[in-house]
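Participant: Take a look at the following structure, please.
The values are calculated or read from the model by the stated rules, or taken from the named source; none is laboratory data. These figures come from a predicted structure and were not determined experimentally. Every residue, glycine as well, gets a Cβ built from its backbone with ideal geometry; the counts of neighbours run over all protein chains shown. Side chains included, ligands, DNA and RNA excluded: accessible areas come from the protein's heavy atoms. Shrake-Rupley method; radii C 1.70, N 1.55, O 1.52, S 1.80 Å.
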Amino acid sequence: MTTPDLAVREAAAASPTLEVLAERARSCTACPELVATRTHVVPGAVPEGVRLLVLGEAPGAQEDESGLPFVGKSGRLLDQLLGEVGVSRAQVGVLNTLKCRPPGNRPPTRLETRNCRGWTERQLALAAPQVVVALGLSATRWFLGPTSLAAVRGRLHEQGGYRVLPTYHPSAAIRFGPEGEPRRLLREDLALAAEVSS
Ligand code: URA
């Protein structure tokens with residue numbers, strides 16, 4: 001019997017382009033609770049020929065409303081910090097480990113993460129970025145498995161053919177405020193990613 005994660009893998013593998021994949025992901029039915037509660041699937045945004053890509057956790061309320069990744073508070077801070085290190089959003093691929101919003105912004109379950117994995121793996125293969133910035137613990141663990149941000153943040157890790165740079169999620173930078181350590185380190189890590197990918 002085909003399981004939801006395998007069905008996703010097959011649909012993703014059979015997608016020749018990012019556009020075709022996004023279209024297929026928009027009708028994904030792998031996670032019944034997310035299908036029942038979502039407004040839009042948020043496949044992500046990957047401009048042609050990107051060298052730098054960021055991976056977040058999952059869409060929030062505004063992303064679910066619009067169908068676009070990182071358009072809420074976290075997205076605005078991400079845009080600002082990217083701008084401060086000389087990168088515009090138009091040059092950056094933006095994906096999430098989950099393409100649907102978990103109700104109430106609860107953390108993704110292990111099953112949801114597994115079900116959705118095939119979409120993201122294929123997106124990464126098609127985009128072939130020089131560097132992937134993993135924003136926060138979920139995205140970091142998506143690449144590196146069980147670990148803590150403290151153990152791996154701020155350094156490039158070779159993983160599955162990608163150079164992965166784990167860092168804070170913008171929501172942590174917001175939570176700790178403009179003078180907080182997470183914001184300073186997130187900016188520093190984005191600067192490193194910009195340099196390495198240019
Ligand atoms: N947080 C994320 O991780 N991703 C989004 O798209 C928005 C908020």
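Participant: Quick check on the range 59-91: of everything there that is aliphatic (A, V, I, L, M) and either outside any helix (DSSP H, G or I) or within 12 Å of the ligand (Cβ to nearest atom) (or both), which residue is farthest from the chain's Cα centre (by Cα)?
Facilitator: That would be V85.
Participant: Do we have any residue at all in the range 145-158 that's buried (at least 19 other Cβ atoms within 10 Å of the Cβ) and within 13 Å of L55 (Cα to Cα)?
Facilitator: no
Participant: Looking at the range 172-198, I want the residues that are free of Cβ contacts under 8 Å to residues at least 60 places away in the same chain and have a partner that is part of a helix (DSSP H, G or I) and not hydrophobic (A, V, I, L, M, F, W, C) with Cβ atoms under 6 Å, at least 6 apart or on another chain. Which pairs are those?
Facilitator: Pairs found: A172/P182; F176/P182.
Participant: Name the residues in the range 60-83 that are of a type outside the set (A, V, I, L, M, F, W, C), touching a strand residue (DSSP E or B) at 6+ places or on another chain (Cβ under 7 Å) and under 18 Å from R175 (Cα atoms), would you?
Facilitator: Across the range 60-83, there are no qualifying residues.
Participant: Of the residues A172, A193, which single one is in contact with a helix residue (DSSP H, G or I) (Cβ under 6 Å, 6 or more places away or on another chain) and surrounded by 17 or more Cβ atoms within 10 Å (Cβ to Cβ)?
Facilitator: A172
Participant: Just the residues that are in contact with a Cys (Cβ under 7 Å, 6 or more places away or on another chain) and open to solvent by 20 Å² or more (accessible area, probe 1.4 Å), please, taken from the range 83-114.
Facilitator: Let us first name the residues in the range 83-114 that are in contact with a Cys (Cβ under 7 Å, 6 or more places away or on another chain), namely 97-100, 112.
Selection gives nothing.
Participant: Let me ask something else about it. Scan the range 154-175 for residues that are more than 16 Å from the ligand (Cβ to nearest atom), in a loop (DSSP other than H, G, I, E, B) and closer than 17 Å to A194 by Cα and jot them down.
Facilitator: Answer for the range 154-175, where residues must be more than 16 Å from the ligand (Cβ to nearest atom), in a loop (DSSP other than H, G, I, E, B) and closer than 17 Å to A194 by Cα: G154, R155, L156.
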